[in-house]
Amino acid sequence: VSASDFTHFPVQMWEKVLSKVKKAVVFMDDKCAEALHWCGGAAVLLEAGARNLKEFSSFEACAVNEPKAVFVVSTLLKGRTVDVIKDIISLSHFQYCVVFTTVAHSVHLLANKVTTEMEGSPVFEQFEEKLCEWMGNMNYTAEVLHVPVVFAPVSQQLLLTPTFAHLFPLLSPDLESLNEKRPEKKRFGSLVDVDMHSLPVGLQLEIKSLASALNSLFEATGTREESFAVGPMSRIIAGELANHPHAKNRRKIAPNKASIIFVDRTMDLTGAVGHHGDNLVEKILTVLKHLPGHVTDVQVDMLELTSVQRTPHSQSTLAPGCLAQTQSPAAQSLWEAMLTNKHKEGVMEVRRQLVETASKEKLPIKMSMGRVTPEQLRSYMQLFRSSWGALESHCGVLQLGLATAQTLGHPSLPRWDACLAFERLLLQALGDSDFPVVLRQLLPLMKPRGGEDSTLGWRSREDECGPDELILLLVYLYSLADEAQPADQDTQGTLEKLERELIGALTLVITRETELSPLLQKLTGCANPEELTTERVHSTVEEMFKTLRGLSHTRDHLKQLRSVYTPSDGVHQATYRPFLRQILEEVFHPERLECPDIEHMSGGLTDLLKTGFSMFMKVSRPHPSDNPLLFLFLVGGVTPSELRLIKEIVTTHKPGTQVLVLSTRLLRPTDIPQLLFTTQRLLPDIGI
């Protein structure tokens, strides 16, 4: 079995949906639409004979001459989902309905409080009857099926799960919420003590649904996995996969072996908010706007490839391009290069492909060497305007070229380098001073943008830090708080006073903004500055600091991999040491050492017996490097630069191993504050 069998699995799952869409109008929710987007998009539905694709919404319906509907949803068939399906059917004239849900029947049983195993699919059968009732004739046809279309093959080494994009490891405020509902004597001391049954029902169902999707992936590829986990949430997910009712049988007969290591994102937040990534895609994801309804992909302005004049309304005239180019092999290989190479290499590859493509099409290209500039890339792409055939056949490469040019020329890009410079200063300062002294260095930056006093050395207008960058720097610094020099007894009071000053300063910065970034809109719950009140911002920032204070303790339970920081030794500067690098160096260590922090999870009783025997005889335990295929599942997101890091480490340490990364989302730095401060981690939206 090879990695490509796994990246092909999502496409195979969509084929089950495609087999039912002929002559149908398809209604699909955002999460499923995002998964489809990376498997060929709406085009594959239309090629399979679908008549139309519509949003899954109560405001949609079909005409008399559209008798067949297919619904594809990522939620349980309960609550709001049922209401929407009923609304659409009531307003239409269907005689044939097919409903696909990504949530397995076993999870539907649990959601309906049924704990026993049952023959067939009674929940789905009952729902089929309801569909016929709503269509108005019990002789019409209704089918309800489970299909795990939850994976998006974003690259040859990366599968994302848009359905679980908001699943994130729990943090200290969540522990407080869980403890509030428990009797005094049964409260948890730390997140490590929290087990599956203590979680809110919705979160339990979401985790079971993820375990079920992973089980389908392994079943379809005939894989027997050994699970390992690092971090509290990862332990719970790996435990669920190990105990999945169908997994035990599969493991007995599956011919292919693989290891899967689940890792909590909270083990390394420094890497997720830092700007040290040196990766082109990370910058593209940061500066370009999201595609509406998508978590990962962005909008690429296509106007330059047309002769349409740029006006305030031209944006809505022309559909945007995007990064998911699934139909063009040339664009796919360019995307792989952009995603897993250093920034400079990625940009050079974009230029090389544009030059090569233009030459093939015999367009009058002027070669230029040296630094790649956005103007130069644009001049190459504008040549394609003269040839409609060339434009059509190379549209994929051109969209990636435009995304690159628009990012390189974006007014907010200088702030990336400004943040990087400041993070480096903070890293050095941590080795020399206590935490309050380092934290105080952020105060001078907390000035409203464009004020009279923004002449502070590195803060010119272009690279002046806005609220988004200040919040990222706070997360960066708090995630490293434990690396600072030990403080005096008196520091607690100093720290509290300093935090109050920072809260006040950041509140002022946010209230003075003339336009709210997507992050600020999410944090404050306000769409425009007019709605903001100082009280609202102040309480938002106070809540934020409650979460920040716990960030440096996320690795406290680990025995060995407790730090992501290497202090300066007088010769070399202090550096950030990525947690993933440390894990992979442990996994591929030539001595096959056992790392106490990478916990083996799929053993069950056998593992307990081995633990007992190991007291008086040598027992070999499973090791993640035993198998030719290794999965890394990053719970809470992976950054593009981490993908490059993984590729590099495997190439140097164990070239024969195939590594496939699974994750809930592809991260841009500003995703982390949203997941930390606004996501209701204990209350996922799975349609209860």
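The values are calculated or read from the model by the stated rules, or taken from the named source; none is laboratory data. Predicted model only: the values in this text are computed from it and were never measured. Don't worry about glycine lacking a Cβ; one is built from the backbone with ideal geometry, like all the others, and counts go over all protein chains shown. Ligands, DNA and RNA are excluded from the accessible area calculation, which covers all protein heavy atoms including side chains. Shrake-Rupley method; radii C 1.70, N 1.55, O 1.52, S 1.80 Å.
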In the set Ser155, Ser177, the lone residue that is more than 30 Å from Trp38 (Cα to Cα) and either out of contact with any Phe, Trp or Tyr (no Cβ under 7 Å at 6 or more places or on another chain) or surrounded by fewer than 23 Cβ atoms within 10 Å (Cβ to Cβ) (or both) is Ser177
Any chance segment 132-139 includes a residue that's of a type in the set (Gly, Ala, Ser) and touching a residue at least 12 places away in the same chain (Cβ under 8 Å)? no
Evaluate segment 346-365: report whether one residue or more is without any contact (Cβ under 8 Å) to a residue 12 or more places away in the chain, open to solvent by 20 Å² or more (accessible area, probe 1.4 Å), among the small types (Gly, Ala, Ser) and not in a loop (DSSP other than H, G, I, E, B). yes
Determine, yes or no, whether Val509 is of a type in the set (A, V, I, L, M) and open to solvent by 30 Å² or more (accessible area, probe 1.4 Å). no
From the residues in segment 623-665 that are more than 14 Å from the chain's Cα centre (by Cα) and small (Gly, Ala, Ser), which one is farthest from Trp38 (Cα to Cα)? Ser625
Suppose we filter segment 376-388 for residues that are more than 17 Å from Trp335 (Cβ to Cβ), out of contact with any Ser or Thr (no Cβ under 8 Å at 6 or more places or on another chain) and touching a residue at least 24 places away in the same chain (Cβ under 8 Å); how many remain? 6
Regarding Val1, is this residue open to solvent by 50 Å² or more (accessible area, probe 1.4 Å), touching a residue at least 40 places away in the same chain (Cβ under 8 Å) and assigned to a loop (DSSP other than H, G, I, E, B)? yes
Picked from segment 398-442 (must be open to solvent by 40 Å² or more (accessible area, probe 1.4 Å), in a helix (DSSP H, G or I) and free of Cβ contacts under 8 Å to residues at least 60 places away in the same chain), the residue farthest from Pro467 (Cα to Cα) is Asp432
Take the conditions open to solvent by 20 Å² or more (accessible area, probe 1.4 Å), farther than 30 Å from Asp569 by Cβ and outside any loop (DSSP other than H, G, I, E, B) and apply them to Gln376. Does it pass? yes
Selection from segment 210-254 of residues that are touching a strand residue (DSSP E or B) at 6+ places or on another chain (Cβ under 8 Å), touching a residue at least 60 places away in the same chain (Cβ under 8 Å) and outside any helix (DSSP H, G or I): Thr221, Gly222, Thr223, Glu225, Glu226, Ser227, Phe228, Ala229, Val230, Gly231
One residue is enough: does segment 262-276 have a residue meeting the conditions touching a helix residue (DSSP H, G or I) at 6+ places or on another chain (Cβ under 8 Å), acidic (Asp, Glu), within 30 Å of Leu470 (Cα to Cα) and crowded, with 17+ Cβ neighbours inside 10 Å? yes
Arg644: modelled with pLDDT of 85 or more, charged (D, E, K, R), in a helix (DSSP H, G or I) and in contact with a Ser or Thr (Cβ under 7 Å, 6 or more places away or on another chain), yes or no? yes
In segment 249-279, what count of residues is obtained for those that are farther than 20 Å from Leu629 by Cα and basic (Lys, Arg)? 1
Of the residues Lys16, Lys22, which is open to solvent by 50 Å² or more (accessible area, probe 1.4 Å), over 20 Å from Leu205 (Cα atoms), part of a loop (DSSP other than H, G, I, E, B) and at pLDDT 95 or above? Lys22
Checking Ile686 against (1) open to solvent by 20 Å² or more (accessible area, probe 1.4 Å); (2) in contact with an Asp or Glu (Cβ under 7 Å, 6 or more places away or on another chain); (3) modelled with pLDDT under 90; (4) within 30 Å of Met544 (Cα to Cα), which single condition isn't satisfied? (1)
Is it the case that some residue within segment 54-72 is within 22 Å of the chain's Cα centre (by Cα) and over 30 Å from Thr657 (Cβ atoms)? yes
Quickly run through segment 509-562 and pick out the residues that are more than 24 Å from Leu285 (Cα to Cα) and hydroxyl-bearing (Ser, Thr, Tyr). Thr511, Thr533, Thr534, Ser539, Thr540, Thr547, Ser552, Thr554
Name the residues in segment 277-293 that are open to solvent by less than 10 Å² (accessible area, probe 1.4 Å) and either part of a loop (DSSP other than H, G, I, E, B) or touching a Cys at 6+ places or on another chain (Cβ under 9 Å) (or both), would you? Gly277, Asn279
With segment 500-605 as the region, which helices (runs of 4 or more DSSP H) entirely inside it contain at least 2 residues that are over 29 Å from Arg644 (Cβ atoms) and without any contact (Cβ under 8 Å) to a residue 12 or more places away in the chain? 534-550
Positions within segment 551-574 being surrounded by fewer than 18 Cβ atoms within 10 Å (Cβ to Cβ), within 15 Å of Ala481 (Cβ to Cβ) and among the small types (Gly, Ala, Ser), in sequence order: Ser563
Go through Thr266, Thr296 for me and flag whichever is in a helix (DSSP H, G or I) and among the polar types (S, T, N, Q). Thr266
